[in-house]
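Some notes on the structure that comes next.
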Protein chains: 2
Amino acid sequence: MDAAGTYSLADIKSLETPKALRAAIRRGQYTGHTTGLAPGSVQGNVVILPLGWAEEFLRFCEANPKPCPVLAVGEPGSPSLPHLGEDIDIRIDVPRYRVFREGVEVETPTDIAHLWRDDFVTIVLGCSFTFEHALLDAGLKIHHIDANKNVPMYVTNIETVATERFKGPMVVTMRSFKPRDAIAAVQITSRYPKVHGAPIHIGFPEAIGLHDLTQPDFGDAPDLEPGELPVFWACGVTPQLALERARPPLSITHFPGHMLVTDIQNADLVSSS
Amino acid sequence: MDAAGTYSLADIKSLETPKALRAAIRRGQYTGHTTGLAPGSVQGNVVILPLGWAEEFLRFCEANPKPCPVLAVGEPGSPSLPHLGEDIDIRIDVPRYRVFREGVEVETPTDIAHLWRDDFVTIVLGCSFTFEHALLDAGLKIHHIDANKNVPMYVTNIETVATERFKGPMVVTMRSFKPRDAIAAVQITSRYPKVHGAPIHIGFPEAIGLHDLTQPDFGDAPDLEPGELPVFWACGVTPQLALERARPPLSITHFPGHMLVTDIQNADLVSSS
C-alpha cells in the first residue's frame, strides 16, 4: 500500500479471500481490474436497472441463458446480494462502474452510492473467468492468458431471442485448441451452465458470420496456430449490447474486467446434470 | 417364422425383450446381424480366450479403455455372464462367431459349444450402438444410419498402449456433424465411458494419419457434407486387430455386427461422473 492508502496489483493479489478483496475495493484502495484475483472465487458481470426494465431484462436473460446466465438477482431497492456474499454492498463493492443514460455512457465512477434509487434491481451474470479456471486446472493452454492479452470477442450473425425492448446479435469469445483439447474444453465447460456452458460453435467461423478472426470486435487479436480448431462460447458482452441498444433512461454495469468478486467458489457452479 | 422354424428380420424385430431375442438365437432360429434389435438394450463385442491370454488381453483393455471398454468378464471355464443377463450362455447366445487359430479365421459357426474349454474366459466390450442410440434420441442425424450403411472405420497413426503380445494402431469410427451437433455429440458420448466415451479427435483427419476419408479401411465410405466436422471415436475393431496380430493358438469373437444382446439398458451405462 502506498502513502495514499492505495493498493498496487501486487498488494491486492496478496489478499486471498474475496471478502478481504471487496473490503479493499470498498475502501477505495483498489480500483483496477479483477482478472486473476481471489483465485477460485466466482466473479460476476453486474447490471443494475430500474424495476420495470429489470423485469424485462431478466426475461431476456432467461430466453438467452448461454450469453446471459443469471447468478443472482437483488431485491428491488436493496444493494445486498446475500447469496453471493453476506456483506456485499453492490453500490461500493465493484472496483469501477459504467453509468449509462439513454444507452450512452456518461461516467465511470468507482462507487455509485450517489446514484442509488429505491427501484434499482441488481442482476449478476456468470463470467467465463470461472470456466477458464477449470480449463487451466485441467492442463489446457489458453493462448490469450499465456500472452497476457484480452480474449477476442466477435459479433456473430446469430440473433438472440428478443423481448419487447431487448434484442441484438450474440457476441462470442474465441479460444483455439488442438482437437483433443477442444474435445476436453467442450466436456469441461459443459459442466458450467451458469458461466456460459458448452461452446455454441466449433470449427467454421463463416457459419456464424465471422469472416476474419484476426479482426475481433472487442478484445485482442488471437494467436491461432495451425492444426487448431477455433471454439466459440456465448459471451457476457451480448447483454451489454442489448442494453445499449434498448436505451433505458438509466442503467449501470461493471466496467469491463472490473467484476464483482463473490464468496461462491468456482467448484460450486459445477452442474451435476 | 418359416416352415424350417427360421425367423426373418421382421420376425426378430418383433421380439422386444433381449431375453426373447437370445432365446430365438439360442434355438438357431436367427443367425443374422443385431443392428437395431431389442432397442434400448446394450449390445456387446465378444472376445473369448484361454486363461493366460485372457489375463493379458484384459490388461491391454485396461491400458486402452477408449477402444476397449470392458463391460463384463466371465469366470474361467464358465459360459455364464450373470451381470449382463441371468440366463446368458455365451456358447450359444451370439448369432454368429468367428474362430481364429494362430490369428487366422478358420470357421464362422453359429454356436461354439463344440469348442468350449475349461480354461476359456469371456470378455465383453462395449459397442458404439449404445451411444448411437443416445445421439439419435437427442435428435442428431447419423448419416450412415440414414443411408442404411455401415459406419466408416479407419486405422489411425495413434498407437495403443502395448502389453507383451497385444499391440497395434487405434481404429476409429467417423461420424460427421454440423458444428452445433458435433458439440452435442461430444457432450452426449462423454456420458458413456463404457462404450468408447467422448471422441478422440475432431476436425483434422491428417493429424491422426487419415489422408482420404472416402477410403475407409472397414465399413462403407461416408457422406461428408460441406460445413460438417468429421468426429472420430475409438472403435472396437482396435482389439480385434491386436488379437489377430498376437496370434493366440485359439480365440473366438462375435462375427461383425452379430453382437451379444444383453439385459442391461443403454441408460444404465450413463456415467454420473
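The numbers here are math on the coordinates, done by the rules we state, and not lab data. Everything numeric here is computed off the predicted structure, so don't read it as measured data. Using ideal geometry, Cβ is built from the backbone for each residue, glycine included, and neighbour counts are taken over all protein chains shown.
Taking a ≥ b ≥ c as the square roots of the eigenvalues of the Cα gyration tensor, chain B is classed as oblate, since a/c reaches at least 1.5 and a/b does not exceed b/c. Computed over chain B with a Gaussian network model linking Cα atoms closer than 10 Å, the most mobile of B:Val73, B:Val171, B:Val161 is B:Val161. Since only A:Gln29, A:Pro79, A:Leu241 are under comparison, the one whose Cα sits farthest along the positive direction of the charge dipole of chain A, derived from C-beta charges on Lys, Arg, Asp and Glu, is A:Leu241. When the trypsin sites (Lys or Arg not before Pro) in the range A:97-141 are filtered for DSSP coil states and for at most 16 other beta-carbon atoms within 10 Å of their beta-carbon, the remaining sites are A:Arg117, A:Lys141.
Size descriptors for the range A:129-239, from the alpha-carbon set: Rg then Dmax equal 13.6, 44 Å.
In a simple Cβ point-charge model (Lys, Arg +1; Asp, Glu -1; nothing else charged), the range B:100-180 has a dipole of about 580 debye relative to its Cα centre. Of A:Gln265, A:Pro109, A:Gly219, which is farthest along the charge dipole of chain A in the positive direction, counting Lys and Arg as +1 and Asp and Glu as -1 at C-beta? Most positive-ward Cα: A:Gln265. Highest mean first, the peptides B:242-254, B:195-207 sorted by other C-beta atoms within 10 Å per residue fall in the order B:195-207, B:242-254.
For B:Leu136, the label point sits 7 Å beyond Cα toward Cβ; its separations from the matching points on the remaining copies run 4.5 nm, from shortest to longest.
Going down the table (A:Lys13/A:Lys149; B:Lys13/B:Lys194; B:Lys149/B:Lys178), which pairs top 22 Å between alpha carbons?
Those over the limit are B:Lys13/B:Lys194.
Taken one residue at a time, the phi angles of the range B:145-152 give Karplus couplings (6.51, -1.76, 1.60, θ = phi - 60°) of 6, 4, 8, 6, 10, 7, 5, x Hz. Gly and Pro are set to x. For the peptide A:202-209, the mean number of other protein chain Cβ atoms found within 10 angstrom of a residue's Cβ is 4. Among residues of chain A, the one whose Cβ lies closest to the rotation axis carrying chain A onto chain B, together with that distance rounded to whole Å, is A:Val186, 2. Per-residue shielding of B:173-180, expressed as the average number of other chain Cβ atoms within 10 Å of the residue Cβ, stands at 3. For the range A:129-239, the relative contact order works out to 35 percent when only alpha carbon pairs closer than 8 Å and six or more residues apart are counted. Taking only the C-alpha atoms of the protein assembly as shown, the Rg (one decimal) and the largest Cα-Cα distance, Dmax (whole number), read 28.7, 101 Å. When only the Cβ of Lys, Arg, Asp and Glu is charged (+1, +1, -1, -1), the dipole of the protein assembly as shown relative to its Cα centre reaches about 40 debye.
Each peptide in B:81-89, A:125-133 gets a packing score, the mean of other Cβ atoms within 10 Å over its residues, and the list from highest to lowest is A:125-133, B:81-89. Inter-copy label distances at B:Asp119, shortest first and taken from points set 7 Å along Cα to Cβ: 8.7 nm. The slack between B:His33 and B:Val270, meaning 0.36 nm per residue of separation minus the straight C-alpha distance, is 82.8 nm.
Across all directions, the average projected area of the convex hull around the alpha carbons of the range A:1-119 is 8.2 nm². Here the range B:100-255 is assigned +1 on the Cβ of each Lys and Arg and -1 on the Cβ of each Asp and Glu. Its dipole about the Cα centre then comes out at about 400 debye. For A:Gly77, the distances from its label point to the matching points in the remaining copies are 8.3 nm, ordered from shortest, with each point set 7 Å beyond Cα toward Cβ. Largest first, the three principal axis extents of the alpha carbons in the range B:80-126 are 32, 23, 20 Å in whole numbers. Taking all Cα pairs closer than 8 Å and separated by 6 or more residues, the relative contact order of chain B comes to 29 percent.
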